[in-house]
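The values are calculated or read from the model by the stated rules, or taken from the named source; none is laboratory data. Quick caveat, the model's predicted, so the values are computed rather than measured. With ideal geometry, Cβ positions are generated from the backbone for all residues, glycine too; neighbour counts draw on all protein chains shown.
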Amino acid sequence: MSNIFLGTIAWILFCVVYTVILLTNRNGSMTATLVTLFYTLYSLNMVLAVFNLLPVPPLDGYRIFGVALPDRWYDSLMQYERYIGIAFLLLVLFGRGLLGQLLNYILIPFNYLVQYPVTWLFQQLQGLLGLPQMPMFIG
């Protein structure tokens, strides 16, 4: 969950830098680098958060999933924990395209939960300052 927090902080910093660019009307390489840096930090943290929530051992999502299961189902699932982990490792190593597509679909609601409210607040601030509003970057 710390990745979601860090992703939110990175998105706030992204919006701050974007607003400063609009205020100062500077579009230099340093500002472009900062925007790219904070967008990349946001993206990486959100992907790591979603990846960690997958219900596969040894990730945290597996433990959350295990708490929600009845005890007898969880005990029978524990018998196959090692095999599930190995299959997941093989998927990570050899099926990156499939895993990437899966993560992208799971990531969409997380992007809406983080990006939309923060971007909306900064759009309101930009409107008060008489600046053009930054677009929504959800995707």
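Before moving on, here are some points about what is shown:
- Residue in segment 84-100 that is free of Cβ contacts under 8 Å to residues at least 60 places away in the same chain, within 30 Å of Val17 (Cα to Cα) and not in a loop (DSSP other than H, G, I, E, B) present: yes
- You will find that of Tyr62, Tyr112, Tyr83, the residue that is among the hydroxyl-bearing types (Ser, Thr, Tyr), under 30 Å from Met136 (Cα atoms) and out of contact with any strand residue (DSSP E or B) (no Cβ under 9 Å at 6 or more places or on another chain) is Tyr112 and no other.
- The selection criterion, being exposed (fewer than 12 other Cβ atoms within 10 Å of the Cβ) and either modelled with pLDDT of 90 or more or touching a Cys at 6+ places or on another chain (Cβ under 9 Å) (or both), holds for Gln124.
- Taking residues in segment 8-19 that are touching a residue at least 60 places away in the same chain (Cβ under 8 Å) and crowded, with 20+ Cβ neighbours inside 10 Å, and partners anywhere that are part of a helix (DSSP H, G or I) and of a type in the set (Phe, Trp, Tyr), the pairs with Cβ atoms closer than 9 Å and at least 6 places apart or on different chains are Trp11/Phe38; Trp11/Tyr39; Trp11/Tyr42; Cys15/Phe38; Cys15/Phe122; Tyr18/Phe38; Tyr18/Phe122.
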